[in-house]
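This report refers to the structure that appears directly beneath it.
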Amino acid sequence: MTIAATDEAVHVRAPGKINLFLRVGALEDDGYHDLATAYQAVSLYEDVRAWPADEITVEFVGPVDTSGLPTGPTNLAVRAAKLLARTAGVPGGVHLQISKQVPIAGGMGGGSADAAATLVACDALWGTALPREELHRLAAQLGADVPFALAGGTAIGTGRGDRLSPALATGSFHWVLVPADHGLSTPAVYRELDVLREEWVAEGVDAFAPGAAPDGPPAVDAEVLQALRAGDPARLGASLQNDLQFAAVRLAPGLQDVLDLGESVGALAGMVSGSGPTLAFLAPDAESAIELQVGLSAARHMALHVHGPVPGARIVHG
Ligand code: C5P
């Protein structure tokens, strides 16, 4: 839908994500690692409202402490708006208001969701009406996870994580998320994994050990795809895997205790989400997710019950 020349705000909602599976391959010349991942969009959202304006500006509102985030030209939403304006040749400005729910620097793609929502909002506000493939191309220029925040659902990502193919998932999976007090920097976590792997090689650790560098291009295990297709949480729980977890836990060792706790209070499995430090616990069903949430909260951890898959960046009407 196109809303050209309007004074009304365009409201777009984009989801945070979990990586159900993440194998990290070689560091490429462009500074990115080759990877194979299974993404799932979950019901924790970023809400972006866009108003016509002379310049491109951004402000944050909402429950999450955003005081450490940039609002200048390095802000990913500002960069998204500028990239769209330049590509479509529109002189437009925009005022963006971002209401954050996704933890900052938490490994759930909150900044990527802001960028994806901004592309969709500005496309509608300025009437640029770019085809979805073109928005996807712009999204990939902004960050590895931005195309998935546009697409949503459940998908396999390869390359940097930006080459997407949809994955069939039946039903809804219930997750309990535990955000951390402090963020982890994504590049630092990838770097730490490279360091760890060098140490493992020097120590003679088995090349097939969990977390070890794959022998060739990384791939998503068939078992993950089958569990998603079958809508079977127990099976999915048994096949969750994230190479970056080893690096995230080494940088933030306290995460391991919380992972153990979650599994002892009813999670089928727990894992670091993306580069962390947010933890994602898979529950057998909605009711058990509430029990799990109670068990984690009793130990004074913030615990959020979400479900997935949910759609990607979409205009919200009304
Ligand atoms: O694209 P994005 O800004 O999310 O990536 C942040 C950083 O994470 C990259 O600059 C890179 O250091 C690291 N990264 C990587 N391999 C990927 C994705 C991200 O090494 N596939």
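The values are calculated or read from the model by the stated rules, or taken from the named source; none is laboratory data. Only a predicted model underlies this, so the values are computations on that prediction, with no experimental measurement involved. Neighbour counts are summed over all protein chains in view; Cβ atoms, including those assigned to glycine, are modelled from backbone coordinates with ideal geometry. Only protein heavy atoms, including side chains, enter the accessible area calculation; ligands, DNA and RNA are left aside. Shrake-Rupley method; radii C 1.70, N 1.55, O 1.52, S 1.80 Å.
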Task: Computed [θ] at 222 nm, deg cm²/dmol, the chain (DSSP H ≥ 4; -39,500 (n - 2.57); rounded to nearest 500) - done: -10500 deg cm²/dmol
- [ ] Might you report the magnitude of the Cβ-based charge dipole of the stretch 173-308 about its Cα centre, with Lys and Arg at +1 and Asp and Glu at -1, to the nearest 20 debye?
- [x] 340
Open item on the list: Accessible area of the chain with a 1.4 Å probe: how many percent of it is carbon plus sulfur?
Closed with: 53
TODO: Report the Stokes-Einstein translational diffusion coefficient (µm² s⁻¹, integer) for the stretch 3-168, Rh taken as the Kirkwood radius over Cα pairs, at 37 °C with viscosity 0.692 mPa s.
DONE: 206
Open item on the list: Let me spell out the model: positive unit charges on the Cβ of Lys and Arg, negative unit charges on the Cβ of Asp and Glu, origin at the Cα centre of the chain. What dipole size does that give, in debye rounded to 20?
Closed with: 680
Task: the stretch 3-168 - percent relative contact order, Cα under 8 Å, separation 6 or more - done: 30
Open item on the list: How large are Rg and Dmax for the chain when calculated on the C-alpha trace, in angstrom?
Closed with: 19.4, 64
TODO: Give the relative contact order (percent, whole number) for the stretch 173-308; include only Cα pairs under 8 Å separated by 6+ residues.
DONE: 40
Open item on the list: If you average the alpha carbon positions of the stretch 168-243 and of the stretch 27-72, how far apart do those two centres end up, in angstrom?
Closed with: 23
Task: Amide N proximity, the stretch 269-294 versus Asp260 label position 7 Å along Cα-to-Cβ, cut-off under 17 Å - done: 269-272
Task: Those GluC sites (Glu not before Pro) in the stretch 14-61 that DSSP places in a loop and that have at most 14 other beta carbons within 10 Å - done: Glu28, Glu55
Open item on the list: Let's test this: bin the Cα-Cα distances of the stretch 189-318 at 10 Å from zero up to the farthest pair and state each bin's percent.
Closed with: 11, 34, 34, 18, 3, 0
Task: Gain on full stretching of the segment that runs from Arg132 to Ala298 - 0.36 nm per residue minus C-alpha separation - done: 55.3 nm
Task: Antiparallel DSSP beta bridges within the chain, percent to nearest 5 - done: 85
Open item on the list: Given contacts defined as C-alpha pairs under 8 Å and at least six residues apart, what's the relative contact order of the chain, whole-number percent?
Closed with: 26
Task: Probe 1.4 Å, accessible area per residue of the chain, Å² - done: 43
